[in-house]
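Written below as structure tokens is the structure these notes are about.
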2 protein chains.
Amino acid sequence: MSRENDLMEKIVSLAKRRGFIFPTAEKYGGLGGFWDWGPLGVELKNNIKREWWKRFVQERRDVVGLDSAIVTNPEVWKKSGHIGGFADKLVECKYCHHRFKQEDIKESNQCPDCGKSVFEPARDFNLMFKTFVGPVEASTSVAYLRPETAQNIYVNFETIAQTSRLKVPFGIAQIGKAFRNEITPGNFVFRTREFEQMELEYFVNPKEDDRWFSYWVKETIKWFLDLGIKKENLREHEQAKDELAHYAKATVDVEYNWPFSTGAGDKGWAELMGVANRTDFDLKAHGLKYKDESGEFVPYVIEPSFGVERSALAFLLDAYDEVKGGRTTTTESNKEKEVVLHLHKSLAPIKVAVLPLSKKTDLAKVANDLYEAIRKNFISAYDDVASIGRRYRRQDEIGTPYCVTVDFESLNDKKVTVRDRDTMEQERVPMAELSKYLNHKLNEIL
Amino acid sequence: MSRENDLMEKIVSLAKRRGFIFPTAEKYGGLGGFWDWGPLGVELKNNIKREWWKRFVQERRDVVGLDSAIVTNPEVWKKSGHIGGFADKLVECKYCHHRFKQEDIKESNQCPDCGKSVFEPARDFNLMFKTFVGPVEASTSVAYLRPETAQNIYVNFETIAQTSRLKVPFGIAQIGKAFRNEITPGNFVFRTREFEQMELEYFVNPKEDDRWFSYWVKETIKWFLDLGIKKENLREHEQAKDELAHYAKATVDVEYNWPFSTGAGDKGWAELMGVANRTDFDLKAHGLKYKDESGEFVPYVIEPSFGVERSALAFLLDAYDEVKGGRTTTTESNKEKEVVLHLHKSLAPIKVAVLPLSKKTDLAKVANDLYEAIRKNFISAYDDVASIGRRYRRQDEIGTPYCVTVDFESLNDKKVTVRDRDTMEQERVPMAELSKYLNHKLNEIL
């Protein structure tokens with residue numbers, strides 16, 4: 001696949017046209033940094049979350065899950081340092097009172113909104129969304145939408161260690177929404193104000209932190225590779241001392257080669273996810289500790305932190321391919337550009353499409369019965385509109401791994417044709433064995 | 001099961017002790033109406049959501065999913081009527097400015113907080129949580145946390161009908177967080193301020209609304225029954241004219257027989273979920289319509305609306321059972337009260353527990369290998385601490401359907417004992433066939 005400059009535009013267009021991702025409330029002008037995930041998008045997100053949970057919770061004896069509240073007691077954010085420190089430095093226009101990052105006005109030194117050029121000195125503006133809990137709108141009722149899921153994990157550390165009878169090293173994983181009032185959201189769903197995190201806080205003996213840090217960098221990269229991200233589009237970036245967050249001893253950004261510039265770093269290379277050694281900063285901040293046969297200590301935390309939307313974007317970009325004809329059409333004159341989304345089978349929103357070659361009643365009946373059976377096991381589609389070539393293209397474009405064609409011969413030999421999206425191979429499979437066949441094909445990996 | 005008065009206390013205690021549900025940030029005094037779901041709780045919630053999605057999206061050709069933003073353009077809430085009308089009438093104390101529902105002060109007419117008795121006249125206070133998007137905290141940047149997922153579905157109605165090529169009747173389903181600044185949250189997770197909804201908006205031709213309304217009432221009740229809720233604890237309550245929301249033509253509350261009084265209705269009977277015929281109110285409010293070969297019209301909406309937390313509470317309460325001895329102990333003196341959670345297999349947080357009879361190396365090795373293999377397919381537990389009777393009790397109490405005991409005979413005959421939580425039957429199963437056996441047992445229903 002060539003990484004054309006317009007790859008991002010193609011994905012944005014495909015995402016909208018086929019129901020992956022829409023701007024939220026577009027009818028009312030949208031809202032910057034907020035997106036709705038449509039019928040295919042929600043399946044993709046669910047699949048990503050399921051694979052993450054399977055790998056990092058279900059298959060591990062040392063990790064358990066958590067689903068904590070988005071709005072919690074604000075003392076959590078005071079102790080964690082977010083109320084004091086989670087801020088962007090902004091300058092405010094003296095005339096229109098709009099606020100900007102210093103670098104966004106420094107060229108012209110004129111307000112991008114009203115054109116004047118007198119600014120208040122730069123001040124910190126907190127990135128947390130504020131709200132009020134209870135019937136009184138007052139400073140005493142202020143609460144925040146969490147800017148990360150991690151803190152809720154720390155606060156539950158002692159309770160979970162006890163109720164789940166866990167001993168260090170062990171981890172607590174969480175998937176859930178987080179909110180950051182970013183001044184400049186952008187690049188489609190790369191940086192949004194509302195997003196879903198998949199975070200693992202792994203608690204280790206401080207003597208073993210380096211070993212576990214390396215371990216988790218490897219494991220997280222492996223997860224992306226196993227789910228089909230191309231090796232050449234991933235790299236490790238170890239943060240230099242001056243890049244590190246104040247609480248971190250070490251951080252590796254797993255970077256993806258995005259087809260756009262994020263303004264930071266090396267051309268398109270920018271953070272896909274990060275692994276941080278957060279030391280004992282957070283547990284100490286909340287006054288938590290741990291005791292086992294080796295004594296009492298405050299564990300160090302190794303944190304692999306993923307974003308669902310950003311991961312989804314990487315999976316979509318990485319899976320995108322264009323072929324000049326030959327897949328669904330054979331005549332020379334029809335050799336149009338064909339789009340194939342080579343999504344990993346586990347991530348594909350729709351697993352199987354049933355395509356009857358005709359709408360005639362007897363054929364439709366057989367195809368319908370097959371579809372009814374298949375969709376009990378897999379998210380499936382039924383499509384009997386337009387030519388078979390066009391229908392293949394529709395499924396290729398959204399990454400459906402298997403198309404099942406029911407033709408007139410099927411009425412006699414009780415077999416159907418199963419087409420593999422990637423190999424293009426077509427196999428004739430007895431209908432009675434189709435469920436078993438698909439089950440085997442779709443579950444063979446991971 | 002007797003529905004004792006203290007059933008609720010038992011569930012609250014079990015939920016906390018075993019890691020189902022904790023008050024959020026309890027260390028800092030919690031926050032009223034917000035809860036954290038622990039390691040077992042998140043699995044229970046995930047299972048409920050998965051079963052709902054499977055039944056109402058995956059298995060249906062007429063329903064697709066959506067995952068929209070929690071914070072959206074506020075115009076949505078203006079058009080829907082929420083900014084104007086989604087409010088509680090409250091009176092405010094002239095002295096301490098705290099606010100209350102009229103009925104909470106009418107007995108004494110004294111402020112419950114400061115004891116004074118002079119109040120401002122009752123006024124409307126909106127139940128939506130307010131926040132500010134963007135760098136300026138001003139009226140122009142106000143946005144709201146959605147109080148329901150339904151409106152995001154309506155706003156996407158035309159786009160989804162088009163991209164998914166759907167024709168009325170069809171539905172759009174969504175699972176996601178919603179927030180209501182309830183004045184009096186309570187009864188554990190029955191009424192919370194942050195909660196997760198599972199909503200289906202089913203769009204029908206206005207001529208067919210009554211038929212579809214009845215259909216969806218039946219389907220939703222069937223879902224609860226199929227997942228094990230006892231028939232005698234469910235009933236339909238058809239709302240009378242004066243109970244109906246202004247937009248609704250008809251509403252049926254599916255009520256559960258809760259072991260507490262909700263203050264409304266008939267003793268413990270109160271809403272578990274609801275099905276409403278919302279007519280064309282919402283689509284009209286957003287100026288949306290629909291066209292097919294029968295002409296242009298505004299569809300009616302039939303809405304089955306579930307809460308994940310409230311459903312989880314019903315499943316837990318309904319599954320709770322106490323047995324006086326005889327399950328895990330045989331000697332008379334040991335016949336203590338034993339707790340069994342008869343959760344449906346699909347909902348049980350942990351599907352299989354592997355229990356080696358001894359910690360001796362050779363036995364532990366066999367048990368560990370089994371456990372490694374099992375947890376690739378199912379969330380599983382490994383427990384080698386305490387007597388086998390106590391370990392059975394631990395698993396019974398959290399509803400684990402199958403316990404696999406590895407004993408010394410296993411080393412010879414390569415078989416293990418599988419104990420069924422409900423029937424108490426013990427079956428000797430060859431280790432080589434265990435995965436297949438469990439897979440069959442755990443997937444046979446639903």
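The values are calculated or read from the model by the stated rules, or taken from the named source; none is laboratory data. Treat the numbers as computed from the prediction; the structure is a model and nothing was measured. Glycine also receives a Cβ, built like all others from the backbone with ideal geometry; neighbour counts cover every protein chain displayed.
When the test is whether a residue is part of a helix (DSSP H, G or I) and of a type outside the set (D, E, K, R), A:Ala364 passes it. Residues in region B:160-189 that are assigned to a helix (DSSP H, G or I) and surrounded by 19 or more Cβ atoms within 10 Å (Cβ to Cβ) were compared, and the one that is nearest to the other protein chains (Cβ to nearest Cβ) is B:Thr163. Pairing residues of region A:47-68 that are more than 9 Å from every other protein chain (Cβ to nearest Cβ) and closer than 17 Å to A:Trp216 by Cα with residues that are of a type in the set (S, T, N, Q) and outside any helix (DSSP H, G or I), at Cβ distances under 9 Å and at least 6 apart in sequence or on separate chains, gives A:Glu51/A:Ser346.
Of everything listed in (1) assigned by TED's automatic domain parsing to the domain that holds A:Asn205; (2) exposed (fewer than 15 other Cβ atoms within 10 Å of the Cβ); (3) part of a strand (DSSP E or B), the single unmet condition for A:Asp266 is (3). Scanning region A:98-109 for residues that are surrounded by 14 or more Cβ atoms within 10 Å (Cβ to Cβ) and part of a loop (DSSP other than H, G, I, E, B) yields a count of 1. Is it the case that B:Gly85 is at the interface with chain A (Cβ under 10 Å from one of its Cβ atoms) and either touching a Pro at 6+ places or on another chain (Cβ under 6 Å) or surrounded by fewer than 16 Cβ atoms within 10 Å (Cβ to Cβ) (or both)? So B:Gly85 fails the test.
The numbered conditions (1) under 22 Å from A:Ile183 (Cβ atoms); (2) facing chain B (nearest Cβ under 7 Å); (3) at pLDDT 95 or above are all true for A:Pro39 except (1). Scanning region B:358-372 for residues that are within 14 Å of A:Arg61 (Cβ to Cβ) and surrounded by 15 or more Cβ atoms within 10 Å (Cβ to Cβ) yields B:Ala364, B:Ala367, B:Asn368, B:Leu370, B:Tyr371. Restricted to region A:19-36, and to residues there that are assigned to a strand (DSSP E or B) and facing chain B (nearest Cβ under 7 Å), the residue that is surrounded by the fewest Cβ atoms within 10 Å (Cβ to Cβ) is A:Phe22.
The set of residues in region B:39-68 being of a type in the set (Asp, Glu) and either part of a loop (DSSP other than H, G, I, E, B) or surrounded by fewer than 22 Cβ atoms within 10 Å (Cβ to Cβ) (or both) consists of B:Glu51, B:Glu59, B:Asp62.
Here B:Lys94 clears all of (1) under 22 Å from A:Gly41 (Cα atoms); (2) at pLDDT below 95; (3) more than 9 Å from chain A (Cβ to nearest Cβ) except the condition numbered (1). When A:Val136 is tested against the conditions (1) within 9 Å of another protein chain (Cβ to nearest Cβ); (2) buried (at least 19 other Cβ atoms within 10 Å of the Cβ); (3) not hydroxyl-bearing (Ser, Thr, Tyr), the lone failure is (2). Only a single item in (1) in contact with a helix residue (DSSP H, G or I) (Cβ under 9 Å, 6 or more places away or on another chain); (2) at pLDDT below 90; (3) under 28 Å from B:Asp88 (Cβ atoms); (4) more than 7 Å from every other protein chain (Cβ to nearest Cβ) is not met by A:Tyr144, and it is number (2).
Of the residues that sit in region B:69-82 and are buried (at least 17 other Cβ atoms within 10 Å of the Cβ) and part of a helix (DSSP H, G or I), which one is farthest from the other protein chains (Cβ to nearest Cβ)? Give the steps one after another, and end with the answer.
Step one: filter region B:69-82 for residues buried (at least 17 other Cβ atoms within 10 Å of the Cβ), giving B:69-74, B:76-77, B:79-80, B:82.
From the residues that got through so far, the ones that are part of a helix (DSSP H, G or I) too are B:76-77, B:79, B:82.
On the way: B:Val76: 5, B:Trp77: 10, B:Lys79: 8, B:His82: 13 Å.
Across region B:69-82, the extreme among qualifying residues is B:His82.
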